Each structure stands twice: as structure tokens, then as C-alpha cells.
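Asks: This structure is in C-alpha cells; I'll ask about it shortly.
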Amino acid sequence: MPLVVGVRFRSAGKIYYFDPTGVSDLVVGDWAVVETTRGCEMGRVVLGPHEVDTKEITGKLRPVQRRATAADALEKQRCETRAQEALEQCRAKVAEYRLPMKIVHAEYSFDGKRLLFFFSSEKRVDFRDLVKDLAKVFRTRIELRHIGVRDEARLMGGIGRCGRQVCCSAWLSDFSPVSIKMAKQQGLPLSPMEISGLCGRLLCCLAYEHEYYQEIRSRLPKRGKKVDTPQGRGVVKAIRVLRESVTVKLESGEIVEVTSQELEDMKTEAGREPQKKKEEKKEERAKPKDQTKEQPEAPARKKRRRRRPRRRRPRRQDSSHRSPKDT
């Protein structure tokens, strides 16, 4: 298995593997200059040297060129400053060409040979003239990459509904599928304003506790089901997942809260009674029968006599209907 290190180029970006041959003393937190398909890039080591399966490596395993120095750190800051200036100029050019697109972010490669712009748009945009104009202004290779609303929120950043930095910009590296069913299962209001994030899509945090809610709800009875409680029999009126309990309205009208453990104990006790009856029946069958006791003989069945079919007699002809020849 090949030896690799994990490098990340953004705070919440994807982790890429590189060959640390010659620089195997890298540790988590170090900065390194690596060779990528887009040229030289500077990234942070998030996974130290370790072996991985060949199936986990996509494409060619490229090498780590060197450990980053103070001069490399200054060059990275210079690239970020130039990229911010290029972003403002590109936005002015887009407004000049009146293109229906929004320039979100700009990045210079570490060697300065490539300038990448990220944009969002609701429809297809012909930006060929824009690229030619930008190449004349910046005198480098220009790339424009279309991104979705979630990636836009990741690059722009911001504060979420919880009052903290949005997860996709802080630490979330991959987007997991989120459905409206998760919000229903957690008992959240289904208003789009309540369960949508900055990107306008469903909140990513809905998926964080989905497995927990699934597990607890599978152990609790559904609303409207009749259950046995230590206080008596009743109907489930509400489910409290975080407290792992249900609210039950008893037949007497009293409302009580019952935990899942109490419901399990009631089911166990109810299941013991039929088991005892089965065991008693087995014991009765296992007892030896008294051989001296004579069994009453069954009365003999009489044989049913089969009735013979009646023979039909020939019909006698009336004399009034005789022909002249007979007389």
C-alpha cells in the first residue's frame, strides 16, 4: 500500500492525497507545496504520513515538492491580495457586458500562472468574449467555473440560524443529501423560512441527528396507538424523542408521561403470561397416561343400505288412440 499525506487547500475543502517521498517528516498542521494538475499549490497537512489502499487514490499520485517556508507564506498572501483585486475588476467587466452571472470568488494559483473565477448563474451564459477581455487585462490563463448555490454559500461564508459560522464554510467537507422527511421526523415546522439555510436549500444540520431520531422513534409507539402503562391502559397523544418518552392519555382521562424503558418492561411482563400457559400445557402433555383406565368404545356405525334405482314401466297406450289397422 502506498504511503501518502492528506492535504487540504481550503479550511473546509476536500482532502487530497500526495506522495511524501523525501519529505516524510511532515506532521499535521504543517504547510507544504505540492504538485497538482493545475500547477503548484500550497496547502495544509491534515493527515500525517500513513498507508492507504490503492482504491482510495483517484488518478495519479503526485509528489510533495517541499515543506513551505516563510517566503512561500508571503507569496500566498500576495496571491490572495491580487485575487481580491481581480475579483472587483471581473465584476466590473461582467456589468459592462451585461451578463446574467454573479462572480463569487477568485483564486490565483501559487505560481501565478492561472486565475480562476467562480460564478453562479440560473441559466447558461456565453462568456467567451469576457474571457478574452480578462486575459488581455491580467495576462495569464483565465478559467471560469460554474458552481451551485451550496458551493456559493461555502465560498462566501456567513452566519447561520444558530448564530455560528455556516458549517459548509467552517468544517463540512462533503454535502450529504437532505430531504423534507428528516424535518418531519424531527417535528420541525415545514415552512421554507424555518428549515432553509443561506443557500436557500434545506439545512445541512437536519442530517446530523437523523439516525438518532430514527433509532428512538423505532422504539417508541406511534401517535394514536393504545399502550399499557404502569398507571393503566391509554392512547399515545405525543412523542418526545429527546426525552425518549411519550405522553399517554389514560382511560380515566389522566395524562401521564411514560418512558421507553417503562413501555418495554410492560411488554415483557405481558409476554410472560402466554409463555407460562404454553409451559403448563407442555407439562400436562408430558405426564404419563393411566393405562388401567379403559377407554369407552365408540358405538359401531350402521351400514347404510344402498337404494336400488326404480325401474320405469312402459306407458300403456289408450284404446281411443288406436289406428284403423289395429282394429
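The values are calculated or read from the model by the stated rules, or taken from the named source; none is laboratory data. Everything numeric here is computed off the predicted structure, so don't read it as measured data. Here the Cβ positions follow ideal geometry from the backbone for every residue, glycine too, while neighbour counts run over all protein chains shown.
Asks: Quick check: is even one residue across the stretch 108-120 among the acidic types (Asp, Glu) and touching a residue at least 24 places away in the same chain (Cβ under 8 Å)?
Replies: Looking for residues that are among the acidic types (Asp, Glu) and touching a residue at least 24 places away in the same chain (Cβ under 8 Å), one finds at least one in the stretch 108-120, hence yes.
Asks: Report whether or not Gly234 is surrounded by 11 or more Cβ atoms within 10 Å (Cβ to Cβ) and of a type in the set (Gly, Ala, Ser).
Replies: It is true that Gly234 is surrounded by 11 or more Cβ atoms within 10 Å (Cβ to Cβ) and of a type in the set (Gly, Ala, Ser).
Asks: Now, a different point. Looking only at the stretch 8-29, count every residue that is modelled with pLDDT of 85 or more, more than 19 Å from Leu61 (Cα to Cα) and of a type in the set (Gly, Ala, Ser) and tell me the total.
Replies: Within the stretch 8-29, residues that are modelled with pLDDT of 85 or more, more than 19 Å from Leu61 (Cα to Cα) and of a type in the set (Gly, Ala, Ser) number 1.
Asks: Tell me yes or no: at least one residue of the stretch 207-220 is farther than 16 Å from Gln186 by Cβ and either assigned to a loop (DSSP other than H, G, I, E, B) or more than 28 Å from the chain's Cα centre (by Cα) (or both).
Replies: So far as the stretch 207-220 goes, no, none of its residues is farther than 16 Å from Gln186 by Cβ and either assigned to a loop (DSSP other than H, G, I, E, B) or more than 28 Å from the chain's Cα centre (by Cα) (or both).
Asks: Here's something else I'd like to know. Please tell me if Thr81 is polar (S, T, N, Q) and exposed (fewer than 13 other Cβ atoms within 10 Å of the Cβ).
Replies: Yes; evaluated as a whole, the condition is true for this residue.
Asks: Which of the following residues is under 30 Å from Tyr208 (Cβ atoms) and outside any helix (DSSP H, G or I): Pro100, Pro177?
Replies: When all the criteria are applied, what remains is Pro177.
Asks: Let me ask something else about it. I need a count of the residues in the stretch 30-56 that are touching a Phe, Trp or Tyr at 6+ places or on another chain (Cβ under 6 Å) and at pLDDT below 90.
Replies: Qualifying residue count for the region: 1.
Asks: Continuing with the same structure: Quick check on the stretch 188-197. Is at least one of its residues in contact with a helix residue (DSSP H, G or I) (Cβ under 8 Å, 6 or more places away or on another chain), in contact (Cβ under 8 Å) with a residue 24 or more places away in the chain, within 26 Å of Ser120 (Cα to Cα) and surrounded by 12 or more Cβ atoms within 10 Å (Cβ to Cβ)?
Replies: Within the stretch 188-197, one or more residues are in contact with a helix residue (DSSP H, G or I) (Cβ under 8 Å, 6 or more places away or on another chain), in contact (Cβ under 8 Å) with a residue 24 or more places away in the chain, within 26 Å of Ser120 (Cα to Cα) and surrounded by 12 or more Cβ atoms within 10 Å (Cβ to Cβ).
Asks: Separate question: Go through (1) part of a strand (DSSP E or B); (2) surrounded by 18 or more Cβ atoms within 10 Å (Cβ to Cβ) and name the single condition Arg145 misses.
Replies: If we test Arg145 against (1) part of a strand (DSSP E or B); (2) surrounded by 18 or more Cβ atoms within 10 Å (Cβ to Cβ), just (2) comes out false.
Asks: Of the residues Gly22, Gly29, which single one is touching a residue at least 40 places away in the same chain (Cβ under 8 Å), surrounded by fewer than 19 Cβ atoms within 10 Å (Cβ to Cβ) and not β-branched (Val, Ile, Thr)?
Replies: Gly22
Asks: Still on this structure, please answer the following. Applying the selection to the stretch 1-58, what residues are of a type in the set (Asp, Glu), within 21 Å of Asp111 (Cβ to Cβ) and part of a loop (DSSP other than H, G, I, E, B)?
Replies: Asp30
Asks: Identify, please: which residue in the stretch 39-66 is in contact with a strand residue (DSSP E or B) (Cβ under 6 Å, 6 or more places away or on another chain) and of a type in the set (Lys, Arg) and is, among those, surrounded by the fewest Cβ atoms within 10 Å (Cβ to Cβ)?
Replies: Within the stretch 39-66, the match that is surrounded by the fewest Cβ atoms within 10 Å (Cβ to Cβ) is Arg66.
Asks: Does at least one position in the stretch 67-81 carry a residue that is modelled with pLDDT under 95, over 22 Å from Ser169 (Cα atoms), assigned to a strand (DSSP E or B) and touching a strand residue (DSSP E or B) at 6+ places or on another chain (Cβ under 9 Å)?
Replies: Among the residues of the stretch 67-81, at least one is modelled with pLDDT under 95, over 22 Å from Ser169 (Cα atoms), assigned to a strand (DSSP E or B) and touching a strand residue (DSSP E or B) at 6+ places or on another chain (Cβ under 9 Å), which makes the answer yes.
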